[in-house]
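The next block holds one structure in the form of structure tokens; read it before the comments.
Please treat every number below as a calculation from the coordinates, not as lab data. Predicted, not measured: the structure shown is a model, and the values here were computed from it. No Cβ is skipped: glycine too gets one built from the backbone with ideal geometry, and neighbour counts run over all protein chains shown.
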Ligand code: DX5
Ligand code: ZN
């Protein structure tokens with residue numbers, strides 16, 4: 001992989017000051033957030049509730065940084081395309097929730113977004129290789145989805161290595177993302193396993209200087 005990408009998750013930001021919090025991790029070329037990761041939770045697919053399309057629409061107007069929408073919701077077949085139409089750069093749905101993930105990927109791309117597929121820690125990659133051919137990104141969850149600040153599940157790195165190998169051998173063409181428990185202690189092993197893009201919430205927004213914490217993570221992830 002090339003220069004590591006860092007996507008701060010605003011789940012750990014101050015929700016009353018989201019525009020300022022997005023600016024706090026911005027920057028110029030080669031600096032700051034590559035993507036802003038926005039966690040949409042519906043209190044059904046996961047036991048937590050965050051924000052939805054109206055808030056995402058406002059966030060999109062308030063930032064130039066590409067927005068990466070991680071939809072932890074039931075029935076993404078019905079709801080996900082709205083986020084693409086609103087202008088999200090990347091819309092990620094859960095394979096455990098999607099009824100027809102191949103059709104959904106086509107809809108997302110037709111609406112102008114990159115299509116992302118996320119898998120929970122206990123979901124095997126092997127079952128979804130044909131589906132992944134239709135996607136631009138694979139988001140490997142390294143915690144159970146629902147909350148920030150949880151402990152990194154090291155075992156999921158086997159899935160990262162497998163995905164990296166399939167990409168490097170030309171069997172898949174996608175960007176490998178990891179989400180959950182990424183911090184200064186865990187990012188190096190994830191980088192070694194072949195991650196392209198690192199989502200980090202509490203490690204960035206829990207720091208006194210989020211922009212500095214972001215660059216410190218990128219330095220640790222660099223090959
Ligand atoms: C959890 C979310 C993550 C979360 C990660 O379900 O998908 O994006 O913000 O938080 P940290 O980096 O604190 O584990
Ligand atoms: Zn997420």
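Put simply, when 186-199, 101-114 are sorted by average Cβ atoms within 10 angstrom per residue, most first, you get 186-199, 101-114.
Tell me, rounded to the nearest percent, the portion of alpha carbon pairs in the chain spaced more than 27 Å apart.
Details: 5932 of 24753 pairs.
When every Cα pair of the chain is considered, 24 percent fall beyond 27 Å.
Ordered from longest to shortest, the equivalent ellipsoid semi-axes for the range 137-223 are 23, 14, 10 Å, each the square root of 5 times a Cα gyration tensor eigenvalue. Any chance you could check the Cα centroid distance between the range 104-181 and the range 1-54 for me, in angstrom? Taking the Cα centre of the range 1-54 as reference, the centre of the range 104-181 is 18 Å away.
Only Cα pairs under 8 Å and at least 6 apart count here; give the relative contact order of the chain as a rounded whole percent.
Details: 465 pairs, mean separation 48.1, N = 223.
Reported relative contact order: 22 percent.
Apply 1/(1 + (r/R0)^6) to the Cβ-Cβ distance of residue 20 and residue 215, taking R0 = 22 Å, and write down the FRET efficiency to the nearest 0.05. Plugging the Cβ-Cβ distance into 1/(1 + (r/R0)^6) gives 0.70.
If R0 is 30 Å, the Cβ-Cβ spacing of residue 129 and residue 49 corresponds to a FRET efficiency of close to 0.35.
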